[in-house]
1. Going residue by residue through segment 27-42, is there one that turns out to be within 13 Å of the ligand (Cβ to nearest atom) and basic (Lys, Arg)?
2. Would you say Gly17 is surrounded by fewer than 24 Cβ atoms within 10 Å (Cβ to Cβ) and either over 25 Å from Ala95 (Cβ atoms) or under 25 Å from the mean Cα position of the chain (by Cα) (or both)?
3. Would you point out the residue of segment 1-14, among those that are open to solvent by less than 20 Å² (accessible area, probe 1.4 Å) and under 16 Å from Ser184 (Cβ atoms), that is farthest from the ligand (Cβ to nearest atom)?
4. Scanning segment 338-349 for residues that are more than 11 Å from the ligand (Cβ to nearest atom) and in contact (Cβ under 8 Å) with a residue 12 or more places away in the chain, which turns out farthest from Ala543 (Cα to Cα)?
5. State yes or no: is Tyr126 at negative phi, part of a helix (DSSP H, G or I) and hydroxyl-bearing (Ser, Thr, Tyr)?
6. Condition first: under 28 Å from the mean Cα position of the chain (by Cα), more than 14 Å from Ala165 (Cα to Cα) and either among the basic types (Lys, Arg) or modelled with pLDDT of 90 or more (or both). Can you find one or more residues in segment 139-147 that meet it?
7. Could you grab me the full set of residues in segment 203-217 that are more than 13 Å from the ligand (Cβ to nearest atom), of a type in the set (A, V, I, L, M) and either within 28 Å of the chain's Cα centre (by Cα) or not in a strand (DSSP E or B) (or both)?
Amino acid sequence: MVRMSSLDRKDYLSEAGSRTFDLLVIGGGATGAGIALDAASRGLETLLVEKQDFAGGTSSRSTKLIHGGLRYLKQLEIALVREVGRERAIVHNLAPHLVVPEKMLLPLIKGGTYGKLATSAGLMVYDVLAGVEGEDQRVMLSKEETLEKEPLLEAEMLEGGGYYAEYRTDDARLTIEVLKTASSFGAVCLNYTEVISFVYSQEGNITGAVCQDVLTGKSINIKAKQIVSAAGPWVDELRDKDKSLTQKRLHLTKGVHIVLPWEKLPVRQSIYFDVPDGRMIFAIPRGKITYVGTTDTDYQGNKENPRTLVEDVEYLLKGVNHMFPEIELKVADVESSWAGLRPLIHEEGKSASELSRKDEIFESKTGLISIAGGKLTGYRKMAERTVDLVVKRIKKGSQKTRTQHLVLSGGEFGDVDAVFQFSTSLSEKLEAAGILEPKSTAKYLVENYGRQSLEIVLLANRQQEEEAEVKLILAELAFVLKYEMVNAALDFFSRRSGRLYFNLPSVREYGDLVIEHLAHTLDWNSERILREKEELQLAIHEASHFPVSV
Ligand code: FAD
């Protein structure tokens, strides 16, 4: 049973303060969520605390691909490519609605970074390392075949293309479904709960943490036999609190994505292409938009709210306009954006793009375990390695992970055909209920919630409102309140539904309605309602306006 209801948060908080857990996980991003699921499913009593909303850090700000990282081949990161490459198919099987096969087109351009031979060999090695078989193996395309796949490409500069298999996802939804699955194995998961300091035994071993409920300011003392920090960009801050920060430190780099209305960049499919400075970026169509990213620049600013600057937008637009010269995109065309921080491990003398994406575990003298680096795609293997260490230390729980077989909540389909059939039948139900765009709404619901969409449709049927669209959004809100610990309007519009990035007009349209219903359910006073309205307006502004500096 999933125990992540917003209404029962008080109970979970008092439970957190009254038990001694086998494991405290700090950080509710993909890494922490994966660790909580691995640990709870091996029989460890697990508590996870997150100081913002779940996935409020890097895990809602990635390129949203479950990918092997083709470019890491060039850096000869063979082990990394093999591991994450193989993880793709496993994670797809755990949630086939949320980790969706996506063919990637790599156009070969006259004077571009790679020639046909190098690309063909590179893609073949990529497939071999990742164990890709059959129809999914890479194909090299002629110029004409490439143009057929993507007519928006400029014929004159094109030499051909590589066509290979990847997967796309929604990083925040993946994190939340992993957390819900962990909760169904008994893990207690709390958002808006910040670790302020650590508690030690007389011998100097870490035995707990003092946390603060960010929503009320109340303090909670947590007792745990083992503590893992999966705090992403904040890992060094926690190592500092533990007085265990060594020479080996994080190196944060910022990555920005911009969102354009699909008509402005009407690509038929996902493309990975060269930009003038020798890097490569993605353009990924998603429903009514296309998003483009990413940048990779050193970062020292505020970690909670990295901003998209006008120079980031201009860099990405220059890349797109170079590849699609007839498009001529301008800053004013950009509808929304997001910026995230890569928590990489510093390597002396290496630039942002050259730094390894490998993960690493640090063990401090006090017993604190920290894990940093890595990829969203590798969250399950990172969790396995971390929990192996915890199990070894406390001699409790099964030796082997089970997560390769644990289907994530909402993901009980078996294969993509079943997802398709489910989506078709849901579309029919939505049409009967009077939804104006039943097909795209069904796709949205299924890609976000999988089989749980049925419960949302049932909840919609019980709503009193007249308009079918309003009924549905209120049902979605009711669902995430019941199962996904939504505590603020932005939790819903950003991490649960992705609307802040992919459907900004709907945030403008339904913002007040959602806040009104949240206020009613969560018993907010007028001051809180005002703050929520201001925070939502600020988030809309920051996603769609780009300062020169901050
Ligand atoms: P986070 O998601 O940042 O989670 C750490 C959490 O710890 C945060 O939510 C934070 O609030 C919390 N925390 C910190 N301090 C405390 C405290 N004191 N108390 C409680 N909680 C605390 N990977 C891929 O596989 N595919 C991609 O397409 C991809 N694209 C990327 C694009 C960009 C621009 C970036 C930046 C990264 C990308 N990555 C990608 C990498 C991937 O997103 C990250 O590796 C992954 O999301 C990191 O997850 P995490 O859980 O380690 O960190």
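The values are calculated or read from the model by the stated rules, or taken from the named source; none is laboratory data. Bear in mind the structure is a predicted one, so any value in this text is a computation, not a measurement. All Cβ positions, even for glycine, are placed from backbone atoms using ideal geometry, and neighbour counts span all protein chains on display. Just so you know, the surface numbers come from the protein's heavy atoms only, side chains and all, with ligands and any DNA or RNA stripped out. Shrake-Rupley method; radii C 1.70, N 1.55, O 1.52, S 1.80 Å.
1. no
2. Values: surrounded by fewer than 24 Cβ atoms within 10 Å (Cβ to Cβ): yes; either over 25 Å from Ala95 (Cβ atoms) or under 25 Å from the mean Cα position of the chain (by Cα) (or both): yes.
Considered against the rule, which asks whether it is surrounded by fewer than 24 Cβ atoms within 10 Å (Cβ to Cβ) and either over 25 Å from Ala95 (Cβ atoms) or under 25 Å from the mean Cα position of the chain (by Cα) (or both), Gly17 comes out as yes.
3. Once the filter is applied, the top-ranked residue is Ser5.
4. So the residue we want is Glu347.
5. So Tyr126 passes the test.
6. No, segment 139-147 contains no residue that is under 28 Å from the mean Cα position of the chain (by Cα), more than 14 Å from Ala165 (Cα to Cα) and either among the basic types (Lys, Arg) or modelled with pLDDT of 90 or more (or both).
7. Residue satisfying the conditions is Leu215 alone.
This table checks each residue for (1) touching a His at 6+ places or on another chain (Cβ under 7 Å); (2) without any contact (Cβ under 8 Å) to a residue 12 or more places away in the chain.
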{"position": "Ala187", "(1), (2)": "no, no"}
{"position": "Asn205", "(1), (2)": "no, no"}
{"position": "Leu250", "(1), (2)": "yes, no"}
{"position": "Leu265", "(1), (2)": "no, no"}
{"position": "Phe273", "(1), (2)": "no, no"}
{"position": "Asp277", "(1), (2)": "no, yes"}
